[in-house]
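Participant: Quick one: structure below, then a few questions.
The values are calculated or read from the model by the stated rules, or taken from the named source; none is laboratory data. Note that this is a predicted model, so its numbers are computed, not measured. No Cβ is skipped: glycine too gets one built from the backbone with ideal geometry, and neighbour counts run over all protein chains shown. Only protein heavy atoms, including side chains, enter the accessible area calculation; ligands, DNA and RNA are left aside. Shrake-Rupley method; radii C 1.70, N 1.55, O 1.52, S 1.80 Å.
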2 protein chains.
Amino acid sequence: MHENDLLATLATLFASSDPGVLVGSGPDDCAHLMADGRQLAMTADAFVEGSHFLADADPRDVAAKAVAASLSDLAASACRARWLLVTLCLRKGVRAGWAESFAHGLADAAARYGVGVVGGDVVSGPATCVSVTAVGEPLPGGPVLRSGGKAGDMLVVTGTLGGSLLGRHLRPEPRLAEIAALMAYAAERDDGFPHAAMDLSDGLSLDLARLCRESGVGAVVEAEAVPIADAARRRSEASGKPPLGHALSDGEDFELLLALPPALWAGFSAWLAEAERGLTPFTRIGVVRAGSGVALVQDGKERPLAAEGYEHQW
Amino acid sequence: MHENDLLATLATLFASSDPGVLVGSGPDDCAHLMADGRQLAMTADAFVEGSHFLADADPRDVAAKAVAASLSDLAASACRARWLLVTLCLRKGVRAGWAESFAHGLADAAARYGVGVVGGDVVSGPATCVSVTAVGEPLPGGPVLRSGGKAGDMLVVTGTLGGSLLGRHLRPEPRLAEIAALMAYAAERDDGFPHAAMDLSDGLSLDLARLCRESGVGAVVEAEAVPIADAARRRSEASGKPPLGHALSDGEDFELLLALPPALWAGFSAWLAEAERGLTPFTRIGVVRAGSGVALVQDGKERPLAAEGYEHQW
């Protein structure tokens, strides 16, 4: 069965009439909940041996990736991270010390991002599976959803894209500091807040198509502007596919994709250029426009950009 | 490795200095967190094919059990349930429709207990594994922890104990209405609130020993007072072990174990007896006393009660 069919079923089943559920289990990276005037963001992700990590993976890498990917969903919603709950199903017969190494990796990752691990469960079963619930709070001006993109917005990404399988997928970096800097900058000026945001987990072409669909807009990506990761160039040498193809369709970048009011981007990019801010670069890769669909402009010619990326199949 | 060793490691690693973490990842059923003056309770539990349910189990039963067991942790902390986040790792090749049936079971259970399913994830892997994070809020007078038991308290359980493997383990009933009634009763009177509470997941003798250890007290259970489930008597016929043995050591009862000030118990039990309250029965099974360890009084003789129940091993 195709992921999208099941997700559509789930979205219908779990549509909420609870006034405390501001954004529920739909397409967004997090649920946004209201408890007594206080807004919370929550997201849950599962990681399983054989799909998300190899059976012989270093348990510290497994923990680091699970935490980083979960926190990336909070960054993608313009939230700061507070707490984690983690369940671990340990494969029966897993080598002695696996769980302890995982726990140390979890503690390291939690300390690195300033979050507390406040609950969890450990069970054993036929395969190792990790589930992480991350709880956060909107930054001032947040949360930012996928659905707010407007024609004329600047499309901006953090970092470089593609080739994560060559190593970065093991240790992705949630862009918590970057979104915090952007939201703090926006809160101090009068140029608006980001209109839409998400993280790039399944490849830019696929994830951008999702953002456009949720926002009811189209987008144009400028091929020359896409920041291509060195790893995407190295993968290109082996695959024969152009480096840009890897940057557009490889998954697990865990970079941010943002739709920003032009004045906010103009001011923020100038602020970034003024001094060393200790942040990963932000790059404008195109614009949001009216209509639907995603196009690529390359060598002066525009063509539709096929949504190629990691679509989950069962 | 023994569960307790790993849990001790985890408790040390994840001890929190965050003032927002009132009760963290320790022995209690939930974490209790403070966000801007608002208290929240969260708990995460994992359920895996082959350990918590059979590969041919009805997916609706799997969903019902996962939800009920998770909500039982909130009831056990004197909290009301608000939201669920659920991750599902589907075994590759699982029969068509499994995920949809699971989703319908999840929606049914959520509706039954008035909670919203606000987030989740679906992945595929070598075995089916479900992880549930339940989020709740303390009832007035709550939360109640495992650690507050005092000498002189009445030991009280809900429902009947033992034999859940004969069927009830598939559809446990979280005692949300019962704890809500008790807390509401206590809030209206001046006889105090429950001192300690937990749910019975691994068998009374083992779980009571845990409550006593956390509270720094001992306890005496009166054999004649223990409410033995019919299923425990039926299991006894097959096992040759006395029905009381099943009531004391079978797991997955998901009933509440409470330590109540005597005046609260006297008043509440009288209130229960006055009219049909639509609640499962509450039964006094013994008392909390100074010291340590759990004893059983049977036929006028007291002997130590061995902590026999379901201890998880890897």
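Participant: Could you say whether any residue in segment B:249-256 is of a type outside the set (A, V, I, L, M, F, W, C) and under 16 Å from B:Pro281 (Cβ atoms)?
Facilitator: yes
Participant: Looking at B:Ala134, B:Ala127, which is the one that is open to solvent by less than 10 Å² (accessible area, probe 1.4 Å) and modelled with pLDDT under 95?
Facilitator: The unique qualifying residue is B:Ala127.
Participant: Shifting gears a bit: Hey, A:Ala238 hits all of (1) open to solvent by 50 Å² or more (accessible area, probe 1.4 Å); (2) closer than 18 Å to A:Val294 by Cα but one; which does it fall short on?
Facilitator: The failed condition is (2).
Participant: Show the residue pairs that are 6+ apart or on different chains and have beta-carbon atoms under 8 Å apart, the first residue being within segment A:247-261 and among the aromatic types (Phe, Trp, Tyr), the second being in a strand (DSSP E or B).
Facilitator: A:Phe254/A:Asp199
Participant: Name the residue that is surrounded by the fewest Cβ atoms within 10 Å (Cβ to Cβ), counting only residues in segment B:194-225 that are out of contact with any strand residue (DSSP E or B) (no Cβ under 9 Å at 6 or more places or on another chain) and outside any helix (DSSP H, G or I).
Facilitator: Ranking the qualifying residues of segment B:194-225, first place goes to B:Gly216.
Participant: Only residues that are more than 15 Å from B:Thr133 (Cβ to Cβ) and hydrophobic (A, V, I, L, M, F, W, C): list them for segment A:82-114, please.
Facilitator: A:Leu90, A:Val94, A:Ala96, A:Trp98, A:Ala99, A:Phe102, A:Ala103, A:Leu106, A:Ala107, A:Ala109, A:Ala110, A:Ala111 - these are the residues of segment A:82-114 that are more than 15 Å from B:Thr133 (Cβ to Cβ) and hydrophobic (A, V, I, L, M, F, W, C).
Participant: Inspect segment A:278-293 for any residue being surrounded by 14 or more Cβ atoms within 10 Å (Cβ to Cβ) and free of Cβ contacts under 8 Å to residues at least 40 places away in the same chain and give the result as yes or no.
Facilitator: No, the conditions are met nowhere in segment A:278-293.
Participant: Among the residues of segment A:72-89, count how many are buried (at least 24 other Cβ atoms within 10 Å of the Cβ) and either more than 24 Å from A:Pro138 (Cα to Cα) or within 10 Å of chain B (Cβ to nearest Cβ) (or both).
Facilitator: Number of matching residues: 8.
Participant: Of the residues A:Gly309, A:Gly291, which single one is small (Gly, Ala, Ser) and within 19 Å of the chain's Cα centre (by Cα)?
Facilitator: Sole residue among the options that is small (Gly, Ala, Ser) and within 19 Å of the chain's Cα centre (by Cα): A:Gly309.
Participant: Then there's this: Any chance segment B:118-128 includes a residue that's on the phi < 0 side of the Ramachandran plot and under 17 Å from the mean Cα position of the chain (by Cα)?
Facilitator: Scanning segment B:118-128, I find no residue that is on the phi < 0 side of the Ramachandran plot and under 17 Å from the mean Cα position of the chain (by Cα), so the answer is no.
Participant: If you go through segment A:26-74, how many residues are among the hydrophobic types (A, V, I, L, M, F, W, C) and part of a loop (DSSP other than H, G, I, E, B)?
Facilitator: Adding up the residues that qualify gives 4.
Participant: So for segment B:217-234 (the condition being in contact with a Pro (Cβ under 6 Å, 6 or more places away or on another chain) and among the acidic types (Asp, Glu)), does at least one residue qualify? First the steps, then the outcome.
Facilitator: Step one: filter segment B:217-234 for residues in contact with a Pro (Cβ under 6 Å, 6 or more places away or on another chain), giving B:228, B:232-233.
Among the residues that remain, those that are also among the acidic types (Asp, Glu) are: none.
No, every residue in segment B:217-234 fails to be in contact with a Pro (Cβ under 6 Å, 6 or more places away or on another chain) and among the acidic types (Asp, Glu).
Conditions (1) at pLDDT 95 or above; (2) touching a Ser or Thr at 6+ places or on another chain (Cβ under 6 Å); (3) in a helix (DSSP H, G or I); (4) within 14 Å of chain B (Cβ to nearest Cβ), marked per residue:
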{"residue": "A:Gly152", "(1), (2), (3), (4)": "yes, no, no, no"}
{"residue": "A:Val156", "(1), (2), (3), (4)": "yes, no, no, no"}
{"residue": "A:Leu165", "(1), (2), (3), (4)": "no, no, yes, no"}
{"residue": "A:Ala184", "(1), (2), (3), (4)": "yes, no, yes, no"}
{"residue": "A:Gly192", "(1), (2), (3), (4)": "yes, no, no, no"}
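Participant: Could you check segment A:99-131 and list, in sequence order, the residues that are in a helix (DSSP H, G or I), within 7 Å of chain B (Cβ to nearest Cβ), closer than 15 Å to A:Leu84 by Cα and in contact with a strand residue (DSSP E or B) (Cβ under 8 Å, 6 or more places away or on another chain)?
Facilitator: A:Ala107
Participant: For the list (1) among the aliphatic types (A, V, I, L, M); (2) open to solvent by less than 10 Å² (accessible area, probe 1.4 Å); (3) under 30 Å from B:Phe47 (Cβ atoms), I need the number of the one condition that A:Ala111 fails.
Facilitator: (2)
Participant: Next question. Among residues belonging to segment A:142-193 that are of a type in the set (Asp, Glu) and without any contact (Cβ under 8 Å) to a residue 60 or more places away in the chain, point out the one that is surrounded by the most Cβ atoms within 10 Å (Cβ to Cβ).
Facilitator: Across segment A:142-193, the extreme among qualifying residues is A:Glu188.
Participant: Those residues that are within 27 Å of B:Pro140 (Cβ to Cβ) and among the β-branched types (Val, Ile, Thr), I need them from segment B:187-222; list them, please.
Facilitator: B:Val217
Participant: Let me confirm something: among A:Asp58, A:Asp18, which residue is facing chain B (nearest Cβ under 9 Å), more than 12 Å from A:Val130 (Cα to Cα) and surrounded by fewer than 18 Cβ atoms within 10 Å (Cβ to Cβ)?
Facilitator: On the way: A:Asp58 fails: facing chain B (nearest Cβ under 9 Å).
When all the criteria are applied, what remains is A:Asp18.
Participant: Could we say that B:Ala69 is of a type in the set (Gly, Ala, Ser), more than 17 Å from the chain's Cα centre (by Cα) and more than 9 Å from chain A (Cβ to nearest Cβ) here?
Facilitator: no
Participant: Please tell me if B:Val297 is open to solvent by 30 Å² or more (accessible area, probe 1.4 Å), farther than 19 Å from B:Met198 by Cα and β-branched (Val, Ile, Thr).
Facilitator: yes
Participant: State yes or no: is A:Arg95 in a loop (DSSP other than H, G, I, E, B) and more than 18 Å from A:Ala46 (Cα to Cα)?
Facilitator: It is true that A:Arg95 is in a loop (DSSP other than H, G, I, E, B) and more than 18 Å from A:Ala46 (Cα to Cα).
Participant: Let me ask something else. Out of the residues in segment A:226-251 that are charged (D, E, K, R) and not in a helix (DSSP H, G or I), which is nearest to the chain's Cα centre (by Cα)? It would help to see each step written out before you state the result.
Facilitator: Initially, segment A:226-251 is screened for residues charged (D, E, K, R), giving A:230, A:233-235, A:237, A:241, A:250.
Pick out the ones that are also not in a helix (DSSP H, G or I) and you get A:241, A:250.
Working: A:Lys241: 24, A:Asp250: 13 Å.
Checking each candidate, the answer is A:Asp250.
Participant: I'm trying to understand the selection: among the residues of segment A:230-242, which are farther than 30 Å from A:Ser77 by Cβ and not charged (D, E, K, R)? Steps first, answer last, please.
Facilitator: Just the residues of segment A:230-242 that are farther than 30 Å from A:Ser77 by Cβ, to begin with: A:233-234, A:236-242.
Result: A:Ser236, A:Ala238, A:Ser239, A:Gly240, A:Pro242.
Participant: Can you go through B:Gly37, B:Gly97, B:Gly93 and tell me which one is surrounded by fewer than 17 Cβ atoms within 10 Å (Cβ to Cβ), at pLDDT below 95 and closer than 18 Å to B:Gly125 by Cβ?
Facilitator: Testing whether each residue is surrounded by fewer than 17 Cβ atoms within 10 Å (Cβ to Cβ), at pLDDT below 95 and closer than 18 Å to B:Gly125 by Cβ leaves just B:Gly93.
Participant: Provide a single number: the residues in segment B:254-312 that are of a type in the set (Lys, Arg) and not in a strand (DSSP E or B). Talk me through it step by step, then tell me what you get.
Facilitator: Residues of segment B:254-312 that are of a type in the set (Lys, Arg), as a first pass: B:277, B:284, B:289, B:301, B:303.
With the extra rule that they be not in a strand (DSSP E or B), the set shrinks to B:277.
Going through segment B:254-312 one residue at a time, the tally reaches 1.
Participant: Now for a separate question. Of the conditions (1) more than 7 Å from chain A (Cβ to nearest Cβ); (2) open to solvent by 10 Å² or more (accessible area, probe 1.4 Å); (3) touching a Phe, Trp or Tyr at 6+ places or on another chain (Cβ under 7 Å), B:Ala63 satisfies every one except a single condition; which number is it?
Facilitator: With respect to (1) more than 7 Å from chain A (Cβ to nearest Cβ); (2) open to solvent by 10 Å² or more (accessible area, probe 1.4 Å); (3) touching a Phe, Trp or Tyr at 6+ places or on another chain (Cβ under 7 Å), B:Ala63 is out only on (2).
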